[in-house]
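Comments concern the structure below.
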Amino acid sequence: MKSIRFERDGKVGNIVLANPPYNRLDARFAECLRQAVHEASESDIRVLVVRAEGPNFSLGGEVGVQAI
């Protein structure tokens, strides 16, 4: 299961942080976020909401930077 997903309801898109209870940032989380943002950018939505499952929006973490 992805730790982040893109959903849509008509013209409203949602990026859902779906790794409760902390939605902790890590490399997998960052890759899933990149994919969800890409899906959103390819759609015809007019509004994008970022929300989280669980009691916390997101807890910090270390995300390594990769050269492109």
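Computed over neighbours whose Cβ is under 14 Å from that of Pro20, the net charge equals +3, Lys and Arg +1, Asp and Glu -1. Of the trypsin sites (Lys or Arg not before Pro) found in the range 2-52, those that fall in a DSSP loop while having at most 12 other beta-carbon atoms within 10 Å are Lys11, Arg46. Working note: 222 nm ellipticity from helices only, DSSP H runs with n ≥ 4, each -39,500 (n - 2.57), summed and divided by the residues of the chain, gives -8000 deg cm²/dmol to the nearest 500. A cut-off of 5 Å between modelled amide H atoms, ignoring neighbours fewer than 5 places along the same chain, links Arg8 with Asn14.
Here, each number is a calculation from the coordinates, and none is a lab measurement. It should be emphasised that the depicted structure is a prediction, and the values quoted were computed from it without experimental measurement. Note that each Cβ is placed from the backbone with ideal geometry, even for glycine, and that neighbours are counted across all protein chains shown.
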